[in-house]
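What follows is a single structure, written as structure tokens, with notes after it.
The numbers here are math on the coordinates, done by the rules we state, and not lab data. Since the structure is predicted, the reported quantities are computational estimates derived from the model, not experimental observations. All Cβ positions, even for glycine, are placed from backbone atoms using ideal geometry, and neighbour counts span all protein chains on display.
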Amino acid sequence: MRDPARIIPSQVAAAFQAAGLGAIGTAGVPPHSDPGSPDADARARGRDHLELAVALARDCGMTQINGILYGPLGRAAGPVSDDTIQRSADTLHHVAEIAETSGIRLCIELVNRYETALLNTVESGLTYLADAGHANLHLHLDTFHMSIEEADVPSAVLRALPRLGYFELDQSHRGRLDQGSLDLAAMSAPLVAAGYDGLVGVEAFARSRLADDHANALAIWRNHFDDADGFACNAMDMIRNIFGRRPVA
């Protein structure tokens, strides 16, 4: 939900209903809107943007919002203070309360050091959830980011399991899941062994399918795939092979 002004919730809801699909959303905070900022106005803008995302998600029929909800996306100039993290956690507690009344779960995505200085590892994510102190906040894990930040990915996945709300398969080059250096089955194994039955998603990028500013922010310089339908079918096959799931009739 990068451009709220362009979203017409009734049309989004109708499209998903017509396709027989459920819907979840992703969100972040725009420039100069920081839930953890020491500046009260910037912090309020971050809070207001997240509240708007919750309202849009509700009206679109979504049940969950994932993403970097806790601060701005982009390479930081330096480490962040404990006070910044606590202010962000306090803001997310407030937003999580509003989201819960709307029937929407919030999942904070842990991303690598080049995209944020706030939350990079499962350990930092769990500490943040404890600081926020709200049961409607969960973790969103992405195998691409975990491969950069975690010393032991399977152990980190298992540690996150009690608060895991979304597990995302993402290859080393952020393209097709069956091409790349990451062993996604091995990274998923702790969840399979534990009987995880939550949401499993996929992320991949082709520059031609992104707005320029979005592609630039994520350093997507080339097209990792051309056939979107073929990519989706391959990804669904991989999820079924790893997790033993079959499509819902």
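Odds and ends about this structure:
- Note that the stretch 115-249 carries a Kirkwood radius of 15.9 Å, evaluated over its alpha carbons pair by pair.
- For the chain, share of DSSP beta bridges that run antiparallel, in % to the nearest 5: 5 percent
- Average Cα contact separation per residue, the stretch 39-138, under 8 Å, 6 or more apart, as relative contact order %: 34 percent
- Peptide ranges 75-83, 215-223 listed from the most packed, as the mean C-beta count within 10 angstrom indicates: 215-223, 75-83
- Most to least packed among 5-16, 203-214, 171-182 [average Cβ atoms within 10 Å]: 171-182, 203-214, 5-16
- Extreme residue, positive dipole direction of the chain, given options Ser181, His224, Leu119 (C-beta unit charges): His224
- Selected from Leu92, Ile242, Leu21, residue furthest toward positive end of dipole (the chain; charges at beta carbon): Leu21
- Global geometry of the chain, whether rounded, prolate or oblate, following the gyration tensor of its Cα atoms and the 1.5 cut on a/c: rounded
- Stokes-Einstein D in µm²/s, Kirkwood radius over Cα pairs - the stretch 1-68 at 25 °C with 0.890 mPa s viscosity: 194 µm²/s
- Counted charge near Asn223, where neighbours are those whose Cβ lies closer than 10 Å (Asp, Glu -1; Lys, Arg +1): +2
- Summed side-chain charge close to Arg2 - residues other than Arg2 whose Cβ falls under 13 Å, Lys, Arg +1, Asp, Glu -1: -2
- Dipole check for the chain: with +1 at the C-beta of Lys and Arg, -1 at the C-beta of Asp and Glu, and the Cα centre as origin, the magnitude is about 420 Debye.
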